[in-house]
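Values quoted throughout were computed directly from the atomic coordinates according to the rules given, and no laboratory measurement underlies them. It should be emphasised that the depicted structure is a prediction, and the values quoted were computed from it without experimental measurement. Note: ideal-geometry Cβ built from the backbone for every residue, glycine included; neighbour counts use all protein chains shown.
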Amino acid sequence: MHPRYKEKWLERKKKLSLKLKKAEEQGNEDRVEYLERLIRVADRKLIS
């Protein structure tokens with residue numbers, strides 16, 4: 001993976017994690033599930 005592309009996904013994952021934390025605090029289950037799915041996608045992108 002190109003370093004800049006990897007950097008972009010790492011940054012996106014960091015932002016998603018912050019949003020996930022906020023959604024958990026608010027008790028918004030649908031949003032939590034959605035964000036967890038996006039984070040898994042980011043993980044897959046970083047692994048490949």
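Round to the nearest 0.05 the FRET efficiency obtained for GLU33 and MET1 when R0 = 35 Å and r is the Cβ-Cβ distance.
Taking R0 as 35 Å, the efficiency between GLU33 and MET1 is 0.85.
Between (1) 36, 25, 10; (2) 25, 24, 21; (3) 37, 14, 9, which entry matches Cα extents along the principal axes in Å as derived from the coordinates of this structure?
The listed entry that was calculated here is (3).
Just want to confirm a number: the relative contact order over the range 3-47, from Cα pairs under 8 angstrom separated by 6+ residues, in percent.
49 percent
Just how many pairs of Lys in the chain have C-alpha atoms closer than 21 Å, counting pairs that are eight or more places apart or on different chains?
Lysine pairs meeting the criterion: 14.
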